[in-house]
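The values are calculated or read from the model by the stated rules, or taken from the named source; none is laboratory data. Values in this document were obtained by computation on a predicted structure and should not be read as measured data. Please note: Cβ atoms are built from the backbone with ideal geometry, for glycine as well, and neighbour counts cover all protein chains shown. Please note that ligands, DNA and RNA were not included when accessible areas were found on the heavy atoms of the full protein model with its side chains. Shrake-Rupley method; radii C 1.70, N 1.55, O 1.52, S 1.80 Å.
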Amino acid sequence: MAMLSFGGIDVSKDRLDVMVLPEEQCSSVSNAAGWDKLIEQLRGSSIAAIGIEASGGYERGVMRALLAADLPVRQVNPFKLRQFARASGVLAKNDPLDARMIASFVAIMPTRPAQRQAPAAQRLTEMLAVRRQLSAEKVAAENASRLLEDAMLQRLSRRRIVRLAADIDLLDQHMVEIIATDAALAHRYHLLSSMPGVGPVLACTLIALLPELGRMSRKQVAALVGVAPYAFESGTLKGRRCIWGGRAHVRQVLYMAAMSASNWNPAFKTFHDRLKAAGKLPKVAIVAVMRKMITTLNAMVRDDVIWADRLTGRHSVPTAR
């Protein structure tokens, strides 16, 4: 029986450092130019999983190449990897050592297989990243403009804010147009946006950054987004339950949508008001609405049902995806 191997790839702009365990095969190839050589090398072993640490976008190309070659890829969270290294007693850090730790991580820790994205979904992911940058610039410019006293500087600041807002609106429009070019994504967008409170930005974010939606249980999707409460208790200590981890970019957009749904979606408004009447803190109530929204959206995608039909118990007409 063949012995299973586990690979770790540390990604930098120009180079990929590779470690295969338990064979202790260490190598280095060029990023982009060395992808074919890397695939040939990994196919020579009985690879059970290949870990790649997120590296500011430099990992995306090699991940697509490995997935296209039907190799089992796992994207490793950098924070979890550093915690794993410290727990293993490894305090030093360099590229070959990082590749070894990534291979050890996927060999021991449970990880999810990376999913191959449609080209439209890949473009959405890139556009959402730029949109977050523009939104952060806009907020910073608005905050700085409040302190300006010079009239010329105020005009420049207003002009910059207007330009940033126009660029954000242009991206929002273009993301919806991209989704319309893919029948499967357009159908998912229709399901998600049928819920009052889910706008184009949240729908696009869920499509691009939460492709597992509809294929998980309610507890799994809540934990993946980071809205599941965790207990902090030990002996006589009874700490307050808090949310932890998850996909921060999805959670941030979901938070704004939950604020809107708490006011304008009758079902979530009733739920939110009931929590407030029970004495729940405002943030606790909003997080509960977030959790209810994402678990409901997960069920809608799973059952292929729009919001109105879910309320009445009717199923939507199946659509080719």
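The accessible surface of the range 219-282, taken with every protein chain in place and a 1.4 Å probe, is 61 percent carbon and sulfur.
By DSSP, the beta bridges lying fully in the chain are antiparallel in about 65 percent of cases. Counting only protein heavy atoms and a probe of 1.4 Å, the accessible surface of the range 15-77 is 47% carbon and sulfur.
Here the Gaussian network model covers the chain, with springs between Cα atoms less than 10 Å apart; of SER260, SER104, SER46, SER46 fluctuates the most. Sort out for me the Cα centre separation of the range 224-285 from the range 6-28, rounded to whole Å. After rounding, the separation between the Cα centres reads 40 Å. Each peptide in 296-308, 30-42 was scored by the mean count of other Cβ atoms within 10 Å over its residues; highest first, the order is 296-308, 30-42. Judged by the gyration tensor of its Cα atoms, with axes a ≥ b ≥ c, the chain is prolate; a/c meets the 1.5 cut and a/b is the larger of a/b and b/c.
State whether the range 75-160 is rounded, prolate or oblate according to the following rule on the C-alpha gyration tensor (a ≥ b ≥ c being the square roots of its eigenvalues): a/c under 1.5 gives rounded; otherwise a/b larger than b/c gives prolate, and the remaining case gives oblate. Oblate. Annotation: per residue accessible area for the range 191-291 equals 54 Å², rounded to a whole number [probe 1.4 Å, protein chains only]. Note that the range 1-70 presents 50 Å² accessible area per residue, ligands and nucleic acids not counted, probe 1.4 Å.
Farthest toward the positive end of the dipole of the chain, out of ALA203, PHE84, TRP35, is the Cα of ALA203, where the dipole comes from beta carbon charges about the Cα centre. Spatial offset of the range 31-79 relative to the range 113-177 amounts to 31 Å, using the alpha carbon center of each.
Toward the positive end of the charge dipole of the range 125-259, with +1 on the Cβ of Lys and Arg and -1 on the Cβ of Asp and Glu, the farthest Cα among LEU254, GLY226, ASN143 is that of GLY226.
Full extension of the chain segment joining ARG146 with ARG247 gains 33.1 nm, where the gain is 0.36 nm per residue of separation less the Cα-Cα distance.
Remark: the range 81-166 carries 64 Å² of accessible area per residue (probe radius 1.4 Å; ligands, DNA and RNA excluded).
Taking a sphere under 12 Å around the Cβ of ILE178 and counting the other residues whose Cβ falls inside, with K and R at +1 and D and E at -1, yields a net charge of -3.
Extension gain for ALA68 to LEU156 (0.36 nm times residue separation, less C-alpha to C-alpha distance): 26.9 nm.
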